[in-house]
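Trainee: A single structure is presented below for examination.
The values are calculated or read from the model by the stated rules, or taken from the named source; none is laboratory data. Remember, it's a predicted structure, so these values are computed and weren't measured experimentally. Note: ideal-geometry Cβ built from the backbone for every residue, glycine included; neighbour counts use all protein chains shown. Calculation scope for accessible area: heavy atoms of the full protein, side chains included, ligands and nucleic acids excluded. Shrake-Rupley method; radii C 1.70, N 1.55, O 1.52, S 1.80 Å.
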Amino acid sequence: MSTNNKNASGGHFAIWLLLFCMAAMIAVVLLITALVVWLAELLDSLIWSTLAVGGLFLAATAGIYFLTLRGTIQQIRDRLDTVYDVARLLKQGYDWVVHKLDFFIRLRNELRRTE
């Protein structure tokens, strides 16, 4: 039960994961191509089959966006607005402190000149 085996295979995990993802994407592209070709056989038109499959994916994309992602994106925007508000307030506080320190430094310099 040595740990050398785990360390040796752990370094190549990213490569294997990348290869797996590439193989999955190639499989999806081939399945979509097969769907277009099959539909072209049924419709006797490659253009119409391509448009039909593209429209199907467009409808699926719109459905996913409007049913699931839209609310999440709005929540992220709200959180970013909060972060921007906090950053603006911090900048205003920093500017106030700098202004006050500048005032006291000038006052000290004026008092030293009069002595």
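Trainee: How big is the dipole moment of the chain about its Cα centre under a simple scheme where the beta carbon of each Lys and Arg is +1, that of each Asp and Glu is -1, and everything else is neutral? Debye, nearest 20, please.
Mentor: Numbers: 11 positive and 9 negative charges, 160 e Å.
That gives the chain a dipole magnitude of about 760 debye.
Trainee: How far is it, in nm, from the label point at Asp44 to the one at Val98 when both lie 7 Å from their Cα along the line to the Cβ?
Mentor: Between Asp44 and Val98, the simple spin-label model gives 7.6 nm.
Trainee: Another question, if that's okay. Hey, in the GNM for the chain with a 10 angstrom Cα cutoff, which one of Gly93, Gly71, Gly54 fluctuates hardest?
Mentor: Among Gly93, Gly71, Gly54, the largest GNM mean-square fluctuation belongs to Gly93.
Trainee: Please report, for the Cα atoms of the chain, the Rg to one decimal and the Dmax as a whole number; what are they, in angstrom?
Mentor: So, for the chain, Rg and Dmax equal 31.1, 100 Å respectively.
Trainee: Probe radius 1.4 Å, ligands and nucleic acids ignored: give me the carbon and sulfur share of the accessible area of the chain as a rounded percent.
Mentor: The nonpolar share, carbon plus sulfur, comes to 71 percent.
Trainee: Okay, moving on. Averaged per residue, what accessible surface does the chain expose to a 1.4 Å probe, in Å²?
Mentor: 92 Å²
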